[in-house]
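The values are calculated or read from the model by the stated rules, or taken from the named source; none is laboratory data. What you see is a predicted model, and the numbers here were worked out from it, not measured in a lab. Methodologically, a virtual Cβ is constructed for each residue, glycine included, from the backbone with ideal geometry; neighbour enumeration extends over all protein chains shown. What goes into the accessible areas is simple: the full protein's heavy atoms, side chains included, and nothing from ligands, DNA or RNA. Shrake-Rupley method; radii C 1.70, N 1.55, O 1.52, S 1.80 Å.
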Amino acid sequence: MKSSATVQHGKRTKVIDLLKETETGTTVTVKGWVRTFRNNQFIALNDGSTIENIQAVVDFENFDDNLLKRITTGACISVVGELVASKGKGQAVEVVVEDIEILGDADPEKYLLQPKRHTLEFLRDIAHLRVRTNTFSAIYRVRHAMIFAIHKFFTDKGFYNVHTPIITGSDAEGAGEMFKVTTLDLTHPPKTGEGDVDFKEDFFGKETNLTVSGQLEVETACLALSEVYTFGPTFRAENSNTSRHLAEFWMIEPEMAFYDINDTMDLAEEFLEYLVKYALDHCEADLVFLDKRASDEEKTRPQHERSELGLLERLRFVLEHDFERITYTEAIDILRNSKPNKKKKFQYLVEDWGADLQSEHERYLVEKHFKKPVILYNYPKQIKAFYMRQNEDDKTVAAMDVLFPGIGEIIGGSQREERHDKLKDRIDELGIPEKDLWWYLELRKFGSAPHSGFGLGFERMIQFVTGMGNIRDVIPFPRTPGNAEF
Ligand code: ATP
Ligand code: MN
């Protein structure tokens, strides 16, 4: 038996590089987590650099039984050995083990992640370990690739990245319920003469919240740098327990001076296609795995609920087809005359112009009617935010939503109201306190310019690219109503 004293553990080579190696006969050191240990002989070792494992072959006669017993699923080990051409199928090279060092044991009696199929629900309860599965390590790698691609896309176009505040002093962002930020003693808060909580005594001397969107602040940079984007965390205290909503999620918000609503739709389409293409070009092994995972999952569903295209087909489909662009009014006509509406199959029947579209309607348009991504624009002003540019018809605003198969709304955007008086009137009409928006109105007083922007929900994009059905499975630690473990 060789002792670790005689074999040096050298500089680590990543699994991804070892698997590409064509020169064999060299001594290598590889470190990672044991996926499986078969027949006291074959270790499948993964270090997260790729979805593939490297096989390390052990001649058990050369090793102490007590050491071999510690090579269990989940254990972290360092292996030194000779890289050789593999005799087995499934891999070109493998490592013939000369020495093993256990870096971290994983007691098989207690380690929850065993090499068998676990449900996604179970894995959510062990979010600190789930990244060690093929599914989640693939998702983490795709997330990284998409973050990088987003910065590359905008950088190549001459956009500047701007950090907008996470703690906001305005509660008029209008995109949803907000989380309060306070250091007041909640059991004995200071009170005003009228008996209300006195926020003048609070940390910032006023009420503050976590941001629901960086848009209003990024507009200030837009009206100086022309083309900017913010990419940060956003928080919504909305109690919607759906597979598309998180209480904490990441949003990409480009804002462009001199763009009208049509330029903005062009940019949104180009951006989404760029990201999909980047994923296909750079995440092939992970996407092939996720495609298989999604199709296995599909097979457990009733026939009529299965989607017609697999994950990879869906991604290629988006690249090959232009998005359909129709107005809200055209969409209402299509929906009103649709089969599910006439047969009262929709939960919310479409009758009058002016109603907000539900996700069932959005998905009907995308998945059944057009069978491709759809951009809806020119929405009724009553169902959209105060800052959207009012159209000539006095009824609609220059808003646009991009709807994706399996997801529904993935992007929401608009041309912004750049005319001071129109904006002020709308703010007053809606009873929004002007005291929070004085600076936003000033942007329209001094050097105002036509400008537009949109918000892409990062996790919804990751859902689309990875084919994961639930948004809780595309962010490392999901925050949802009743859940902030980890
Ligand atoms: P929805 O109608 O789906 O709730 P929204 O109209 O509230 O969306 P916006 O305020 O326009 O969405 O936000 C821009 C984008 O942010 C959306 O298109 C979506 O991709 C994403 N998004 C919005 N809310 C959430 C959420 N709670 N969790 C994850 N992503 C979200
Ligand atoms: Mn919402």
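Given +1 at the Cβ of Lys and Arg, -1 at the Cβ of Asp and Glu and no other charges, the dipole of region 15-104 around its Cα centre is 420 debye to the nearest 20. Taking GluC sites (Glu not before Pro) across region 261-309, the ones in a DSSP loop with at most 12 further Cβ atoms lying within 10 angstrom of their Cβ are 308. Structural descriptor for the chain: relative contact order 13 percent, calculated from alpha carbon pairs under 8 angstrom and at least 6 residues apart. Placing +1 on each Lys and Arg Cβ and -1 on each Asp and Glu Cβ, with no other charges, gives the chain a dipole about its Cα centre of roughly 1440 debye.
A cut-off under 13 angstrom between Cβ atoms defines the neighbours of residue 250, and their net charge, with Lys, Arg +1 and Asp, Glu -1, is +1. Ordering 396, 383, 369 by Cα displacement along the dipole of region 356-396 toward the positive end leaves 369 in first place; charges were set at the Cβ atoms of Lys, Arg (+1) and Asp, Glu (-1). Relative to the longest principal axis of the Cα atoms of the chain, the long axis of helix 134-156 lies at roughly 50 degrees. Mind listing which trypsin sites (Lys or Arg not before Pro) in region 385-486 are in a DSSP loop and have 11 or fewer other Cβ atoms within 10 Å? Answer in residue order: 445. With all protein chains in place and a 1.4 Å probe, the accessible surface of region 15-104 carries 45 percent carbon and sulfur.
If you fit an axis through the alpha-carbon atoms of helix 215-225 and take the longest principal axis of the Cα set of the chain, what angle between them do you get, 0 to 90°, nearest 10? Rounded to the nearest ten degrees, it is 90. Spatially, region 398-444 and region 50-118 are offset by 57 Å when compared through their Cα centroids. Placing unit charges on the Cβ atoms only, positive for Lys and Arg and negative for Asp and Glu, gives region 265-405 a dipole magnitude near 720 debye about its Cα centre.
Charge tally for residue 189 (other residues, Cβ to Cβ under 11 Å; Lys, Arg +1; Asp, Glu -1): -4. Projected label points at residue 470 and residue 260, each 7 Å from Cα along the beta carbon direction, are separated by 4.6 nanometres.
Taking residue 435 as the anchor, which lysines have their alpha carbon closer than 19 Å to its alpha carbon, excluding any fewer than eight residues away along the same chain? Within reach: 180, 200, 206, 422, 424, 445. Comparing Cα centroids, region 137-215 and region 358-394 end up 27 angstrom apart.
Filter the cross-link list 31/110; 11/152; 20/152; 157/372; 31/116 down to pairs whose alpha-carbon distance in this structure exceeds 29 Å. Beyond 29 Å: 11/152.
Solvent-accessible area per residue in the chain equals 50 Å², computed with a 1.4 angstrom probe and all protein chains kept. Taking trypsin sites (Lys or Arg not before Pro) across region 182-256, the ones in a DSSP loop with at most 15 further Cβ atoms lying within 10 angstrom of their Cβ are 206.
Helix 261-282 sits at what angle to the longest principal axis of the chain, using alpha carbons and giving 0 to 90 degrees rounded to 10? Tilt relative to the chain: about 0 degrees. Taking Cβ atoms as reference points and 15 Å as the exclusive limit, the residues near residue 103 contribute a net charge of -1, counting Lys and Arg as +1 and Asp and Glu as -1.
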